[in-house]
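Structure, as structure tokens:
The values are calculated or read from the model by the stated rules, or taken from the named source; none is laboratory data. Please read these numbers as outputs of a predicted model, since none were measured by experiment. Cβ coordinates were reconstructed from backbone atoms using ideal geometry, including for glycine residues, and neighbour counts include every protein chain displayed. Keep in mind that these areas ignore ligands, DNA and RNA; they rest on the heavy atoms of the full protein, side chains included. Shrake-Rupley method; radii C 1.70, N 1.55, O 1.52, S 1.80 Å.
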Amino acid sequence: MPVITFPDQNTASFPDSVTAFSVAETISSSLARRSVAALVGDDLVDMSHLITADASIQFILPDDERSLEVIRHSTAHLMAQAVQRLYPTAQVTIGPVIENGFYYDFSYEKSFTPADLEAIEAEMKRIVKENLSVERREVSRDEAVALFKEKGEHYKVSIIESIDASATLSLYQQGEFVDLCRGPHVAKTGQLKAFKLTKLAGAYWRGDSNNEMLQRIYGTAWGDKAALKQYLFRLEEAKKRDHRVLAQKMDLFHLEDGMVFWHPNGWTINKAMRDFMRAQLDQQDYQEVNTPTLANEQLWVKSGHREKFGDDMFSLAQGSTDDSKQLVLKPMNCPCHVQIFKQGMKSYRDLPLRLAEFGSCSRNEPSGTLNGLLRLRAFTQDDAHIFCREEQLLEEVLSFTRLLQGVYQHLGFADILYKLSTRPEKRIGDDATWDQSEKALSDALDQAGVEWDILPGEGAFYGPKVEFSLRDCLGRIWQCGTIQVDFSMPGRLGATYIDESGQKQTPVMLHRAVFGSIERFLAILLEETAGWLPVWLAPIQVVVMNITDEQADYVQEVSNMLSAQGIRVKTDLRNEKIGYKIREHTIARVSFQLICGAKEVSSRQVAVRERDGKDQKVLDLTDFVEYIVTLAIQGQSIEWS
């Protein structure tokens with residue numbers, strides 16, 4: 001006689017085993033029909049799930065975020081069924097749920113087209129109207145193999161044959177379509193009403209480039225049409241804000257083989273970001289260093305990077321047969337900073353020692369993973385390493401957290417997410433040291449006054465870490481900054497200091513970065529601002545334009561006055577209509593456009609057009625110069641308390 005406990009702590013008894021759907025019906029038939037799934041105890045299950053013992057229950061409705069995985073998984077099956085109805089010889093392989101959607105990989109003799117996506121989506125809607133029941137059944141592995149062999153689905157057979165022979169598997173069937181799946185799924189296809197197929201791509205079978213190429217269809221699904229519409233709007237907005245598109249409009253950079261070729265405008269931004277960060281580091285007593293792009297492979301062997309990241313490192317041989325050295329392109333800066341620390345005797349009075357570098361790093365990323373500035377083979381880390389004693393950990397982590405918060409907020413990112421990754425099962429160091437390090441990180445977050453989540457067991461084998469992520473204006477989350485405790489590398493590379501009693505000790509090493517990489521952070525910032533960067537970061541802060549040739553001298557005078565104040569200014573004296581010039585400089589995201597006509601020359605004023613042109617006003621020239629200097633020069637400084 002199962003006793004069911006509801007979220008309000010009321011209970012109900014049933015004389016025999018009962019399905020989640022039947023329990024919902026005792027409350028209301030509407031609740032039973034609308035529920036996507038049920039949470040029985042801690043398990044998310046189908047509404048057909050049979051409850052045989054006392055349990056708590058909560059019904060998951062379409063507006064509950066927990067429903068999305070079920071909805072998307074069910075919509076993936078809906079898509080696969082539609083594909084096989086339209087293209088009977090297409091074979092289904094795998095179809096997982098991903099962030100904001102799902103995909104399925106298909107083997108089919110012809111290439112799918114955008115027109116095919118429209119046809120598949122239309123067929124999906126017809127299946128929804130059929131309101132087919134979605135039924136779960138359990139079978140043995142051999143039964144599943146026989147079923148899919150009969151259907152000619154040899155990819156499914158291959159998947160199932162790799163599973164232990166004694167396993168019991170679950171199948172889900174709706175109409176004529178059946179697939180191997182853990183579930184849970186919705187009870188009826190009619191519950192799936194907000195979906196969209198989004199794109200086509202290629203994918204290797206089992207992710208192995210030696211296998212055949214399959215066709216991947218991506219889609220998205222939501223609890224209701226309003227949420228779908230909002231997501232599709234965000235997708236379109238993201239396309240407009242794509243940093244690669246903005247880079248062309250603003251003439252910032254181009255990419256070749258996963259490497260950036262900075263154009264003058266882009267390099268201006270890059271330098272401004274470095275100068276801004278340098279100013280903050282100077283106030284925090286960091287010392288800037290620079291280390292070689294090439295280093296002896298043995299350094300990376302000793303640090304442990306060669307063993308763990310060897311496939312991602314670029315290597316080259318140098319020297320004669322008798323005196324050869326294997327050199328590598330630096331994939332990260334940490335071992336090089338330890339080498340600097342080791343030069344000369346260090347005392348406990350020298351700690352904490354903070355070494356910072358805008359370090360050029362190279363990693364052999366697969367071509368398929370490259371993604372604009374977000375994933376490169378050559379990039380620059382705003383890296384720093386803090387060498388300190390264990391009792392200094394708390395203050396160093398707290399100081400860094402405040403630095404990071406100041407930088408992010410100054411750049412317009414107010415929504416920061418904090419996650420603490422704690423000790424994994426396989427680790428070095430004793431529990432007391434881990435206790436102290438994890439407590440230092442958690443206490444620093446508490447003293448910073450922020451809410452944070454814990455990721456149990458997600459720390460590195462050599463120490464715990466805090467990850468700092470940004471949520472942008474489109475709701476996307478970007479992991480950027482980090483601070484990580486390292487007990488291992490200083491000892492592996494022989495770094496020591498002399499303590500108060502004259503004994504050698506190994507320092508604790510903190511790996512930390514604010515941007516992560518300058519290139520990646522710039523991509524995020526460009527997309528966040530749609531290219532309208534803060535004035536102090538804009539590559540062209542002011543463009544001065546004439547209406548007729550008579551204003552050319554005045555335009556040059558204005559330009560010279562601004563340039564003398566350190567403003568990045570451009571003159572546009574082309575024989576073009578003023579409307580054409582305005583459109584061109586607006587597309588290029590110039591912060592201010594100054595228009596000089598006969599009236600402005602005679603009154604020594606400028607017509608000021610800001611950003612998208614919604615605000616336009618006439619100012620005295622001296623007033624504008626004072627205004628732009630405040631934005632461009634003073635605007636890049638953080639006021640630290």
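Just to be sure before I move on: is residue 531 touching a Leu at 6+ places or on another chain (Cβ under 8 Å) and surrounded by fewer than 23 Cβ atoms within 10 Å (Cβ to Cβ) in the structure I sent? Talk me through it step by step, then tell me what you get.
Values: touching a Leu at 6+ places or on another chain (Cβ under 8 Å): yes; surrounded by fewer than 23 Cβ atoms within 10 Å (Cβ to Cβ): yes.
Taking the combined requirement at face value, the residue satisfies it.
Inside the range 86-188, counting only strands (runs of 3 or more DSSP E) that do not spill past its ends, which hold 1 or more residues that are among the small types (Gly, Ala, Ser)?
Values: elements: 101-107, 135-140, 168-174, 177-180.
Result: 101-107, 135-140, 168-174.
Which ones in the range 14-59 are within 15 Å of residue 3 (Cα to Cα) and either in contact with an Asp or Glu (Cβ under 8 Å, 6 or more places away or on another chain) or among the polar types (S, T, N, Q) (or both)?
17, 19, 20, 22, 26, 52, 56, 58
Determine whether the range 501-517 contains at least one residue that is touching a residue at least 60 places away in the same chain (Cβ under 8 Å) and open to solvent by 30 Å² or more (accessible area, probe 1.4 Å). It would help to see each step written out before you state the result.
Pass one, the range 501-517, residues touching a residue at least 60 places away in the same chain (Cβ under 8 Å): 505, 507-517.
With the extra rule that they be open to solvent by 30 Å² or more (accessible area, probe 1.4 Å), the set shrinks to 505.
For the range 501-517, residues touching a residue at least 60 places away in the same chain (Cβ under 8 Å) and open to solvent by 30 Å² or more (accessible area, probe 1.4 Å): present.
Within the set of pairs 6+ apart or on separate chains, which have a first residue in the range 96-114 that is under 17 Å from residue 194 (Cβ atoms) and open to solvent by 20 Å² or more (accessible area, probe 1.4 Å), a second that is of a type in the set (Val, Ile, Thr) and assigned to a strand (DSSP E or B), and C-beta atoms under 7 Å apart?
Note: pairs meeting the criteria are 100/220.
What residue, of 197, 214, is within 15 Å of residue 93 (Cα to Cα), outside any helix (DSSP H, G or I) and touching an Asp or Glu at 6+ places or on another chain (Cβ under 6 Å)?
Details: 197 fails: within 15 Å of residue 93 (Cα to Cα).
Of the residues listed, the single one that is within 15 Å of residue 93 (Cα to Cα), outside any helix (DSSP H, G or I) and touching an Asp or Glu at 6+ places or on another chain (Cβ under 6 Å) is 214.
Going through the range 487-498 one residue at a time, which ones are touching a helix residue (DSSP H, G or I) at 6+ places or on another chain (Cβ under 8 Å) and modelled with pLDDT under 95?
Within the range 487-498, 487, 489, 490, 492, 493 qualify.
For residues that are β-branched (Val, Ile, Thr) and surrounded by fewer than 21 Cβ atoms within 10 Å (Cβ to Cβ), scanning just the range 543-575, find the one that is modelled with the highest pLDDT. It would help to see each step written out before you state the result.
First, the residues of the range 543-575 that are β-branched (Val, Ile, Thr): 543-544, 547-548, 555, 558, 567, 569, 571.
Applying the additional criterion that residues be surrounded by fewer than 21 Cβ atoms within 10 Å (Cβ to Cβ) yields 547-548, 571.
Values: 547: 94, 548: 93, 571: 97.
Of everything passing the filter in the range 543-575, 571 is modelled with the highest pLDDT.
Going through the range 200-211 one residue at a time, which ones are assigned to a strand (DSSP E or B) and either touching a Phe, Trp or Tyr at 6+ places or on another chain (Cβ under 9 Å) or open to solvent by 60 Å² or more (accessible area, probe 1.4 Å) (or both)? Steps first, please.
Looking only at the range 200-211, we keep the residues that are assigned to a strand (DSSP E or B), and these are 200-204.
Selection gives 200, 201, 203, 204.
Among the listed residues 63, 16, 8, identify the single one that is open to solvent by 20 Å² or more (accessible area, probe 1.4 Å), of a type in the set (D, E, K, R) and within 27 Å of residue 219 (Cα to Cα).
On the way: 16 fails: within 27 Å of residue 219 (Cα to Cα); 8 fails: within 27 Å of residue 219 (Cα to Cα).
Testing whether each residue is open to solvent by 20 Å² or more (accessible area, probe 1.4 Å), of a type in the set (D, E, K, R) and within 27 Å of residue 219 (Cα to Cα) leaves just 63.
Look through the range 181-199, keep the residues that are within 15 Å of residue 70 (Cα to Cα) and either in contact with a Cys (Cβ under 8 Å, 6 or more places away or on another chain) or aliphatic (A, V, I, L, M) (or both), and return whichever of them is most open to solvent (accessible area, probe 1.4 Å).
The first filter runs over the range 181-199 and keeps only residues within 15 Å of residue 70 (Cα to Cα), leaving 181-195.
Subset that is either in contact with a Cys (Cβ under 8 Å, 6 or more places away or on another chain) or aliphatic (A, V, I, L, M) (or both): 186-187, 192, 194.
Details: 186: 3, 187: 35, 192: 6, 194: 4 Å².
Selected residue: 187.
Filtering the range 10-51 down to residues that are part of a loop (DSSP other than H, G, I, E, B), among the polar types (S, T, N, Q) and modelled with pLDDT of 90 or more, which residue is nearest to the chain's Cα centre (by Cα)?
In the first step, residues of the range 10-51 are kept if they are part of a loop (DSSP other than H, G, I, E, B); the result is 10, 14-17, 28, 35-36, 41-42, 46-49.
Next, from what is left, pick out any that are among the polar types (S, T, N, Q): 10, 17, 28, 35, 48.
The next check asks that each one be modelled with pLDDT of 90 or more; those that pass are 17, 28, 35, 48.
Numbers: 17: 45, 28: 42, 35: 32, 48: 37 Å.
For the range 10-51, the residue satisfying everything is 35.
So is residue 602 part of a helix (DSSP H, G or I), out of contact with any helix residue (DSSP H, G or I) (no Cβ under 8 Å at 6 or more places or on another chain) and under 30 Å from residue 245 (Cβ atoms) or not?
Values: part of a helix (DSSP H, G or I): yes; out of contact with any helix residue (DSSP H, G or I) (no Cβ under 8 Å at 6 or more places or on another chain): yes; under 30 Å from residue 245 (Cβ atoms): no.
Criteria not met by residue 602.
Can you confirm whether the range 576-593 contains a residue that is under 30 Å from residue 477 (Cβ atoms) and open to solvent by 60 Å² or more (accessible area, probe 1.4 Å)?
First, pick out the residues of the range 576-593 that are under 30 Å from residue 477 (Cβ atoms): 587-589, 591.
Next, from what is left, pick out any that are open to solvent by 60 Å² or more (accessible area, probe 1.4 Å): 587.
Yes, that holds for at least one residue.
Name the residue that is surrounded by the most Cβ atoms within 10 Å (Cβ to Cβ), counting only residues in the range 122-159 that are of a type in the set (Asp, Glu) and touching a helix residue (DSSP H, G or I) at 6+ places or on another chain (Cβ under 8 Å).
Our first condition is that a residue be of a type in the set (Asp, Glu); within the range 122-159, this holds for 123, 130, 135, 138, 142-143, 150, 153.
From what is left, the residues that are touching a helix residue (DSSP H, G or I) at 6+ places or on another chain (Cβ under 8 Å) are 123, 130.
Details: 123: 18, 130: 12.
It comes out as 123.
What residue, of 404, 394, is open to solvent by 40 Å² or more (accessible area, probe 1.4 Å), in a helix (DSSP H, G or I), aliphatic (A, V, I, L, M) and over 23 Å from residue 331 (Cα atoms)? Steps first, please.
Values: 404 fails: open to solvent by 40 Å² or more (accessible area, probe 1.4 Å).
So the residue among 404, 394 that is open to solvent by 40 Å² or more (accessible area, probe 1.4 Å), in a helix (DSSP H, G or I), aliphatic (A, V, I, L, M) and over 23 Å from residue 331 (Cα atoms) is 394.
Quick check on the range 69-95: of everything there that is out of contact with any strand residue (DSSP E or B) (no Cβ under 7 Å at 6 or more places or on another chain) and open to solvent by 50 Å² or more (accessible area, probe 1.4 Å), which residue is nearest to residue 128 (Cα to Cα)?
85
Given the structure, is residue 608 under 20 Å from residue 252 (Cα atoms) and either in contact with a helix residue (DSSP H, G or I) (Cβ under 8 Å, 6 or more places away or on another chain) or open to solvent by 50 Å² or more (accessible area, probe 1.4 Å) (or both)?
Numbers: under 20 Å from residue 252 (Cα atoms): no; either in contact with a helix residue (DSSP H, G or I) (Cβ under 8 Å, 6 or more places away or on another chain) or open to solvent by 50 Å² or more (accessible area, probe 1.4 Å) (or both): yes.
Here the answer is no, as residue 608 does not meet what is asked.
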